[in-house]
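Everything below concerns the one structure shown next.
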Amino acid sequence: MIVIKVELHSAITGKVTTLATAKICNDGTGTKTRGNYRGIFFGKDGRIMKDCAVLNWPRKARHVWKLVGECMKQAGLIEDKK
């Protein structure tokens, strides 16, 4: 599982506040070269905001940040530039 945390680190107080979390899980149905993933995006309160599926992802040919971006696009959190 890939876990992404968005945290605010206060420069004044040093307090760390989690603003959001995302989890991306391999669903186990892919092949060695192609993976199927489920992304779940949580808000500050821990409740699910969005979820998505990314199918047939070229797991060894693309960097993990590309997978994170694709999950965000599929969940409607960012727009495709195309």
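Before moving on, here are some points about what is shown:
- Helix 64-74 and the longest principal axis of the Cα set of the chain meet at an angle near 90°.
- Here the chain is assigned +1 on the Cβ of each Lys and Arg and -1 on the Cβ of each Asp and Glu. Its dipole about the Cα centre then comes out at about 300 debye.
- Near Gly30, the amide H atoms lying under 5 Å from its own belong to Asn36; only residues 5 or more places off or on other chains count, and H is placed 1.01 Å from N.
- Computed over the stretch 30-82: relative contact order in percent, which uses C-alpha pairs under 8 Å that are six or more apart: 32
- Virtual paramagnetic centre 7 Å along Cα→Cβ of Thr17, amide N under 18 Å, in the stretch 42-82: 42-47
- Listed residue pairs exceeding 26 Å between alpha carbons, taken from Lys15/Lys81; Lys23/Lys81; Lys15/Lys66; Lys15/Lys60; Lys23/Lys73: Lys15/Lys81; Lys15/Lys66; Lys15/Lys60
Read-outs: derived from the displayed coordinates by stated rules, not from any lab. These figures come from a predicted structure and were not determined experimentally. A quick note on method: Cβ atoms are made from the backbone with ideal geometry, for glycine too, and the neighbour counts reach across all protein chains shown.
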